[in-house]
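The values are calculated or read from the model by the stated rules, or taken from the named source; none is laboratory data. Computed from a predicted structure; not experimentally measured. Cβ: placed from backbone, ideal geometry, glycine included. Neighbour counts: every protein chain shown.
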C-alpha cells in the first residue's frame with residue numbers, strides 16, 4: 001500500500017477485518033507488546049510554507065500507542081475493540097477521511113516517533129499494521145523546483161570579465 005494511507009482507507013480496512021487481532025510491527029521482527037493501549041487519536045491540521053515559497057496544507061490523523069508498565073496480555077486487542085475506540089473519538093471529533101494516518105509509538109528500546117502504515121498484512125488471526133519511518137522531504141524539489149535557489153549556478157570566469165564594459169557609470173552592473 002501507499003505510505004500515505006488515508007484515515008478512510010485505514011478505517012475501512014479495520015471494518016473489513018473486525019474479528020482479527022490487531023498488531024503493530026514497528027521494526028523488522030518487532031511488534032508492539034500485546035498489552036498495548038490506544039491512548040489517544042489526534043487530528044492535526046498542518047499548514048506550511050516550503051523552501052520554494054509555496055504554501056501547503058494537509059491533515060494528519062495520529063493514533064498514539066502505549067505499552068503499559070505491566071504487560072500481562074498474551075493477545076493484542078481485536079480490531080473491533082480499536083473500532084469502538086475510534087467510535088468514541090469520532091463522536092467528539094469528526095476525523096477527516098482524507099487525513100494522512102500516522103502511528104505514534106515508542107518504548108524503552110525504541111524512541112518515540114510517528115510512522116506511516118506502509119502496509120496492512122492479513123493472516124488467519126491477525127491484522128498487522130506494518131509501520132515505516134517517515135523521511136524528510138523537499139516539496140519544492142518534488143515539484144521540479146529547487147530550495148529557493150536556481151537548480152544550477154552560473155559559473156563565471158573572472159578572466160573573461162571586461163571591467164571597463166561592466167563596472168563603469170552607466171555600464172549596468174550596479
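Here are a few things to note about the model shown:
- Looking only at residues in the stretch 122-142 that are touching a residue at least 40 places away in the same chain (Cβ under 8 Å) and assigned to a strand (DSSP E or B), the one that is surrounded by the most Cβ atoms within 10 Å (Cβ to Cβ) is 129.
- Boolean, residue 73 is within 25 Å of residue 13 (Cβ to Cβ) and at pLDDT below 80: yes
- Checked against the criterion of being modelled with pLDDT of 95 or more and in a loop (DSSP other than H, G, I, E, B), the candidates 95, 65, 22, 83 yield just one match: 95.
- When residues of the stretch 93-108 are limited to those that are loosely packed, with under 14 Cβ neighbours inside 10 Å and free of Cβ contacts under 8 Å to residues at least 12 places away in the same chain, the one farthest from the chain's Cα centre (by Cα): 108
- For residue 60: the one exception among (1) closer than 20 Å to residue 16 by Cβ; (2) touching a strand residue (DSSP E or B) at 6+ places or on another chain (Cβ under 7 Å); (3) free of Cβ contacts under 8 Å to residues at least 60 places away in the same chain: (1)
- Restricting the stretch 48-82 to residues that are surrounded by 16 or more Cβ atoms within 10 Å (Cβ to Cβ) and touching a helix residue (DSSP H, G or I) at 6+ places or on another chain (Cβ under 7 Å), the residue that is nearest to residue 126 (Cα to Cα): 79
- Flag if residue 85 is touching a residue at least 12 places away in the same chain (Cβ under 8 Å), under 18 Å from residue 114 (Cβ atoms) and either crowded, with 16+ Cβ neighbours inside 10 Å or under 21 Å from the mean Cα position of the chain (by Cα) (or both): no
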